1. So if we plug the beta-carbon distance of residue 159 and residue 32 into 1/(1 + (r/R0)^6) with R0 = 45 Å, what FRET efficiency do we get, rounded to 0.05?
2. How fast does segment 4-67 diffuse by Stokes-Einstein, in µm²/s, taking the Kirkwood radius from C-alpha pairs at 25 °C and 0.890 mPa s?
3. Considering the chain as a Gaussian network with a 10 Å cut-off on Cα pairs, which listed residue, 86, 98, 143, attains the greatest mean-square fluctuation?
4. Please compute the alpha carbon radius of gyration of the chain, then divide it by the globular-protein estimate 2.2 N^0.38 Å. Two decimals is fine.
5. Calculate the radius of gyration of the Cα atoms of segment 87-170 to one decimal place, then report Dmax, the largest Cα-Cα distance, as a whole number, both in Å.
6. Over the chain, what is the relative contact order in percent, taking alpha-carbon pairs closer than 8 angstrom and at least six residues apart?
7. For 171, 137, what ranking results if the residue with the fewest other Cβ atoms within 10 Å of its Cβ goes first?
8. For residue 54 and residue 197, compute 0.36 nm times the residue count separating them, minus their Cα-Cα distance, and round to one decimal in nm.
């Protein structure tokens, strides 16, 4: 497959101008390469077009950055920042396996920065028990568990991550394979126990 630059070089001037006139339909790379190709051909662009295109690209990048989940904004790759399970990982594990499970991941993060861990585990346990009790009482389905867990983990992140670790603390994302294996094993054991109990 030809490189994008080579493919654009085969297009006519009018086709390349289309990239500049409809910025929202193309990637930044394609637009900049199209502009560079037109300038290489010494095509005279309409007055102010370059500035307008750059402004549109800048506005789009700012909008995209704002739309990204804030929990990804402070992940880095360096030798200085601590290693944490990411907020995304804690969120996903809490929804899939329970807030109690997610509380252990957050507890590991707190340990890495010498912060108290007991309260977050107690919170996770209490919330998980409350979720089960309410679910049994209301005879709810699986969707209730996902909704309840998503609410519980957001509260947990706000109470413990934001206050004890800090919203803007930079960190290296810790691999999730170990908790993932543990979570899958726990689910497998619970399924086996359920099947044996109903034989």
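1. Details: r = 45 Å, r/R0 = 0.99.
It comes out at approximately 0.50.
2. Working: Rh = 12.1 Å.
Translational diffusion coefficient: 203 µm²/s.
3. 143
4. Values: Rg = 25.3 Å, N = 199, 2.2 N^0.38 = 16.4 Å.
The chain yields a ratio of 1.54.
5. Answer for segment 87-170, Rg first and Dmax second: 12.9, 42 Å.
6. Values: 162 pairs, mean separation 41.6, N = 199.
Computed over the chain, the figure is 21 percent.
7. Values: 171 21, 137 8.
The fewest-first ordering by Cβ neighbours comes to 137, 171.
8. Values: separation 143, 0.36 × 143 = 51.48 nm, distance 6.54 nm.
Extra length from residue 54 to residue 197 when fully extended: 44.9 nm.
Any read-out appearing in this document is the output of simple, stated calculations on the displayed coordinates, not a laboratory observation. No experiment lies behind these values; they were computed from the predicted model shown. Reconstructed Cβ throughout: ideal geometry from the backbone, glycine too, with neighbour counts over all protein chains shown.
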